[in-house]
1. Run the Debye formula on the Cα coordinates of the range 29-254, all scatterers equal and no solvent, and tell me log10 I(q)/I(0) at q = 0.15 1/Å.
2. Cα-based count: Lys pairs in the chain below 19 Å, eight or more positions apart or different chains?
3. Taking every DSSP beta bridge with both residues inside the chain, roughly what % is antiparallel (nearest 5)?
4. Which angle from 0 to 90°, rounded to the nearest 10, does the C-alpha axis of helix 2-26 make with the longest principal axis of the chain?
5. Return one quarter of the surface area of the convex hull spanned by the alpha-carbon atoms of the range 257-330, equal to its mean projected area, in nm².
6. For the range 234-286, just the Cα atoms, rotate onto the principal axes and tell me the three extents in Å, largest first.
7. Estimate the FRET efficiency between Tyr145 and Ser303 by the formula 1/(1 + (r/R0)^6), using the beta-carbon distance for r and 41 Å for R0, to the nearest 0.05.
8. Which value in deg cm²/dmol, rounded to the nearest 500, describes the helix-derived mean residue ellipticity at 222 nm for the chain, given -39,500 (n - 2.57) per DSSP H run of n ≥ 4 and division by the residue count?
Amino acid sequence: MKRLLGIFFFAISVLIAASAGMVSAANACTADQITLDDNSCVDVKFTIKTTSIKNTRISINISAQGTFYIEWENGVVDPINRDNTTNETYTHRYGNVQGQKTIRIGGLATGYSTSNTTAAISISSSSSRYIETISGSLTDLFPEYGTGAGQSPLFYRSFYGCSKLESKIPENLFRGITSPQANTFYQTFSGCTSLSGFIPPSAFGGLIQNNSPYTGSMMSNIFYNTSAMATSCTSPHRNYTTGYEQYWNSRVSCGTEYALTYVMNGGTNYAGAPTTFWDDEITTINGIPTKTNNVFTGWCTDSGLANCSMTHTIPIYTITPQTLYAAWQPCNACATTNASCSLTVVNNTCTYTTTCNAGYENIQNNGQYNASCSPISGGACPAGDYRENGICVAVGAGYWSSPDSDVRTQCLAGLTTVGYGHGADEASDCGRKLHLGNFILYSKTTKPTTPSINVRVENNAATHYIGVSSVDHTLTPIHITQGNIQYTAFDDSILYGERDLETNTRITQ
């Protein structure tokens, strides 16, 4: 019976363990999070790495009120709930395995001591010699809630005597501090003789953006005895003036240049677009790139083109390379009716130029991709007529007009056209007059029929032609017999009804 019960409880234990594993897998924390006992996740806000140690105690002092989580090593987490601002030390002893240890801290402070000599967080003097690097933002962990006592954190001697702390000051380390408090950074890094590099512009960015205010002892000896830190900026960095240099024992802040990349998605970037930016200034990208038959709709910060704006600003203290993606809106293709159009992009606007087809006028929706034209009132003008004030009229003697045209063209000097120009629809209809008594026949510059009458003008090498036809034309004064066929001479007015040359009126056939 005991054996059966043992098997039963073993099976239950396996089931519970398997279920716990499934929950942990389903709610797996990221590399930048701390996993708690209930498999929930807490963001890491500050990280400390030690030198290589074993059988060593590391102690961290916290005076801030709030909830904190210290992950001493993988799987070993101290959850801390503080309802007061008295200073308390939290310690972890590392075992007999030599190596560098990583301490990760998450959580959020809600209040601070009113004493101006009590740090929100500090490394105990017994542990300071083991600290090698720090990273993250302390003001994400200990934010500023106001300017009164107990509303803003102090980092009074937080890393005092960390002689092996060799990393440079992290970007954004104290970015959240905007107002001066007495002793806020008093001797914060004093005695960190291995501390290297320069001070990033963003480390005290909140104070600098607030015009670098100062109050008594706020930064006194903050970098005292940090001889390994830079005292000048060298290429590719440049000097950045913060307003606090007089308190830094000759240490300097330097700007860094980062790459700015564009993904144009088929377009061409505007001239002078910056390809780099500095973390110590605001950079604005506000030019308009171009792409054939497309308008630019914005610079996007994601390849999915969801977060876009016509002007993109890279904020001061941005510390990573940036990529911008160009977004485009294609212009509508021409879809005109009784018309044609050409498309160009002018001033980032789809611009359409519309022309009505022959025989059409009155453009509707002019300047748009879908413009249309209506038929000319009364239909197309006949050959030899042109449109004047919306009415078809004869071009007049000495002019000609092509079919469906609204304009007329004058004949060359010395030439004319029949009657009022009716039927004159090309330049070859221009010619000379042949006078025969009371009759007039009109010649052309090209041969209208075969055979035809050739008329050579005196003192002019040009030859003009009068058409002849085997059909008898009343009013025609010339008859020609060739073999058994009789021809009569005529002019082109016969195509539109002959004219009485005495009264110059049309005879309808």
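Read the figures in this text as sums done on the coordinates, not as results from a lab. The structure displayed is predicted, hence computed values, not measured ones. Every residue, glycine as well, gets a Cβ built from its backbone with ideal geometry; the counts of neighbours run over all protein chains shown.
1. -1.00
2. Count of close lysine pairs: 11.
3. 95 percent
4. 50 degrees
5. 4.5 nm²
6. 52, 20, 15
7. Efficiency at R0 = 41 Å is approximately 0.60.
8. Rounded to the nearest 500, it is -2000 deg cm²/dmol.
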